[in-house]
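Report on the structure given below.
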Amino acid sequence: MSENPNGPGRGSEPNEPPSPYEPERPAQPTEPAQPTEPAQPAPPSEPPQPVQPTEPPTAPPAQPGAYPPPGGYPPPPQQQPYGQQPPAQPGAYPPPGGYPPPGQQPPAYGQQAPGAYPPPPGGFPTAPPTSGAGYGTTPPPWASGAPVTVGQAVSYGWSKFWSNAGIWIAAVLVVAVIAFVINLTFSATLRAGFNGSSTEDLQQRLDDARSFGNVLLAAIGSILSYVVLAFLVSGALATTYKGRAAFGDFFRLKNFGNIVLLAVVVGVLSFVLGYIPFLGSIILLVIEFFLTFALYFVIDAGQDTFTAIRSSFGIVSKNPGVVIVLLLAVIGITIVGALICGVGLLAAVPIGLLAYAFAYRRLTGGMPV
């Protein structure tokens, strides 16, 4: 074992552990560490850019009735076109009063505006309209289905004549001239009254008027006069349909053949019953009473002669009281018109015919206007 110049305590083996009793030796100087290069200073960094404010995310326009997106504010309301109402938000109350926006037509009368509050309960009647059809006019009493009265018939005839007096007076004058010419031609009695120069001569002419030939001529005159009367009946019926007859309505006869045949039947009855003293006149009055509306059925309903006779008999037999009172009222009006120097007949005849036409329309279920 060789000597260790460093003295005892550590063996020559490099891995020999030191003796715990050996004093510690000073540490051998180590080679100085190579100095490291100083760290290069970092280049000065650019100043931080200011943070650009980010635009808030825009939400798509809200659909009508949709809820706003969760967690965000609803988008600002969009400008609605003029005249349109913005869609109602869910849960929102309707606008007070329910007035429509500008430019929108208001709801029709009696309908509820969109969004308006319902009417209060209680069944209170609505206010009547202040304008429009029917405003300011009162429906006639017969419009409610009231029974026919003579007062209604005469009132109707009076009002319709005076509302169209010029046309009626002109028509009556034309018919009166035609009837006068017919009677002067075919009535021996009328000719005797115009030609008699003395009492004895007049009596002789009246006796001649009762001869067979003169009675036949008188019957023919009655037939023609009945046909002429149909002109005025036609105008009266036209008034009940239109409210006002034109001049041409008087001479626009329908079913003319049956009008003439009805006149012949009446003329024959007058001729035959004229030979029965006193009783014949009474029978003729009764027959003419039941034939009151026969001419109206021929002209208005277009019935043939004998069907019209049966129809007139049926309607008069069901309403004898109304027809009798109406006949007496028309006779009274005619007498009053004749007393006013005869000029009053220009009003009395139309009023009577219009009253008859009104009664005919009402008794057959019609509604005169």
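The values are calculated or read from the model by the stated rules, or taken from the named source; none is laboratory data. Remember, predicted model here, so these are calculated numbers, not experimental data. Surface accessibility is based on the protein's heavy atoms, side chains included, excluding ligands, DNA and RNA. Shrake-Rupley method; radii C 1.70, N 1.55, O 1.52, S 1.80 Å.
Quick notes on this structure:
- For segment 279-333, the share of alpha carbon pairs falling in successive 10 Å distance bins from zero is 24, 48, 26, 1 percent.
- Ranked by solvent-accessible area (1.4 Å probe, protein heavy atoms only, all chains present), the residues 242, 160, 318 order from largest to smallest as 318, 242, 160.
- Considering every alpha-carbon pair of segment 214-369, the percent of pairs per 5 Å bin, from zero through the bin containing the longest distance, is 2, 9, 16, 20, 23, 18, 9, 3, 1, 0.
- Anchor residue 242: lysines whose Cα lies under 16 Å away (excluding residues fewer than 8 positions away in-chain): 160
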